[in-house]
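A quick write-up on the structure given underneath.
The values are calculated or read from the model by the stated rules, or taken from the named source; none is laboratory data. Every value quoted in this text rests on a predicted model; they were computed, and no experiment measured them. Note that each Cβ is placed from the backbone with ideal geometry, even for glycine, and that neighbours are counted across all protein chains shown. Remember, those area values only see protein heavy atoms, side chains included, never the ligands or the DNA or RNA. Shrake-Rupley method; radii C 1.70, N 1.55, O 1.52, S 1.80 Å.
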Amino acid sequence: MADAARAAKMADRIKVIVAKTLERGIKDPRLGFVTITDVRVTGDLQHATIFYTVYGSDEERADTAAALKSATGMLRSEVGKNLTARLTPSLEFVADGIPENARLIDSLLSEAAARDAEVESLAQSASYAGDEDPYIKPRVLDEDEDED
């Protein structure tokens, strides 16, 4: 079992190798505008999961996924040539959900802002249900009452 620091270094190296190879080495027309967002390597350095995002429509995302699946063998051989490890890890490409999560968070934040504005407008026209000051105050004694 390798240590976590070595796995992190290997993941960073795989990220650079795969990104450069995708940029220069793959001539597949199905491959869209791909960004490698993260790489995670297992503790035994045998398997690497590569997270990616694709800018474009759902059809372009599906085409890019197919292109990456077909190019996995070539990418693994490039990783093996450029890594200084005894064994080359197997590669798995996973579409990253960052853009979808960001859109969801933005919609939730805009909904919260709209609700806050609605509550603020209701608070401006609100009135007290009972007395304005419901707390009991101490009685003020007059001068006449003190002399008795």
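Provide the per-residue ³J(HN,Hα) series for region 47-57, in order, calculated from phi with Karplus coefficients 6.51, -1.76, 1.60 and θ = phi - 60°, each as a whole number of Hz, with x at glycine and proline positions.
After applying 6.51 cos²θ - 1.76 cosθ + 1.60, I find 9, 10, 9, 10, 9, 9, 10, 10, 7, x, 7 Hz.
Ignoring ligands, DNA and RNA, please state the percent of accessible area on region 58-148 from carbon and sulfur, probe 1.4 Å. Walk me through the intermediate numbers first.
Working: 3910 of 7570 Å².
Roughly 52 percent of what the probe reaches on region 58-148 is carbon or sulfur.
Find the centroid of the Cα atoms in region 69-148 and in region 1-40, then give the distance between the two in whole Å.
About 32 Å separates the Cα centre of region 69-148 from the one of region 1-40.
Label-point separation (nm) for residue 44 and residue 6, each offset 7 Å from Cα along Cα-to-Cβ?
Placing both labels 7 Å beyond Cα along the Cβ direction yields 1.4 nm.
Residue by residue, what Karplus-based ³J(HN,Hα) values in Hz, rounded to whole numbers, does region 83-97 have, using 6.51, -1.76 and 1.60 with θ = phi - 60° and x for Gly and Pro?
Residue by residue, region 83-97 yields 9, 9, 10, 5, 10, 8, x, 6, 10, 9, 9, 10, 5, 7, x Hz.
With +1 on each Lys and Arg Cβ and -1 on each Asp and Glu Cβ, and nothing else charged, work out how big the dipole of region 20-91 is about its Cα centre, in Debye to the nearest 20.
Roughly 360 debye for region 20-91.
Which of the lysines could be linked to residue 15 by a straight reach, that is with a Cα gap under 16 Å, when you skip same-chain ones fewer than 8 residues away?
Counting by Cα, and skipping residues close in sequence, residue 15 has these lysines nearby: 81.
Charges only on Cβ, +1 for Lys and Arg, -1 for Asp and Glu: so what's the dipole of the chain about the Cα centre, in debye to the nearest 20? Present the calculation step by step, with values, prior to reporting the outcome.
Values: 18 positive and 29 negative charges, 701 e Å.
Computed charge dipole of the chain: roughly 3360 debye.
What order do 61, 24, 86 take when sorted by accessible area (1.4 Å probe), most exposed first? Could you put the intermediate results ahead of the total?
On the way: 61 70, 24 155, 86 215 Å².
Greatest to least solvent exposure: 86, 24, 61.
Whole-Hz ³J(HN,Hα) for each residue in region 15-29, computed from phi via Karplus 6.51 cos²θ - 1.76 cosθ + 1.60 with θ = phi - 60°, x for glycine and proline: what do you get?
Along region 15-29, the couplings run 4, 5, 4, 5, 5, 5, 5, 5, 6, 10, x, 9, 10, 6, x Hz.
For labels at residue 143 and residue 84 in the simple 7 Å Cα→Cβ model, what's the distance in nm?
Between residue 143 and residue 84, the simple spin-label model gives 9.8 nm.
For residue 90, enumerate residues with amide H under 5 Å from its amide H, sequence gap 5+ or separate chain, H modeled in the peptide plane.
Amide H neighbours of residue 90, under 5 Å, 5+ apart: 47, 48.
Can you bin region 1-117 into rounded, prolate or oblate? Criterion: square roots of the alpha carbon gyration tensor eigenvalues sorted a ≥ b ≥ c, rounded for a/c under 1.5, prolate for a/b above b/c, oblate for the rest. Mind dumping the intermediate values first?
Numbers: a/c = 3.26, a/b = 1.58, b/c = 2.06.
Oblate is the answer for region 1-117, as a/c is 1.5 or above yet b/c matches or exceeds a/b.
Per the helix-only calculation at 222 nm, which mean residue ellipticity applies to the chain, given -39500 (n - 2.57) for every DSSP H run of n ≥ 4 and division by its residues, nearest 500 deg cm²/dmol? Display every interim value, and only then the final one.
Numbers: 5 runs with 77 residues, N = 148.
Computed mean residue ellipticity for the chain: -17000 deg cm²/dmol.
Can you tell which of 116, 28, 96 shows the greatest fluctuation in a Gaussian network model of the chain with Cα springs below 10 Å?
116
Could you check the simple spin-label distance between residue 124 and residue 55, using points 7 Å along Cα→Cβ, in nm with one decimal?
So the label points at residue 124 and residue 55 sit 4.1 nm apart.
With the other protein chains left in place, how much accessible area per residue, in square angstrom, belongs to region 17-59 at a 1.4 angstrom probe? Display every interim value, and only then the final one.
Details: 2530 Å² over 43 residues.
Heavy-atom accessible area per residue stands at 59 Å².
Top to bottom by accessible area (1.4 Å), largest first, where do 3, 58 land?
Details: 3 90, 58 115 Å².
If we order 3, 58 from most to least accessible, we get 58, 3.
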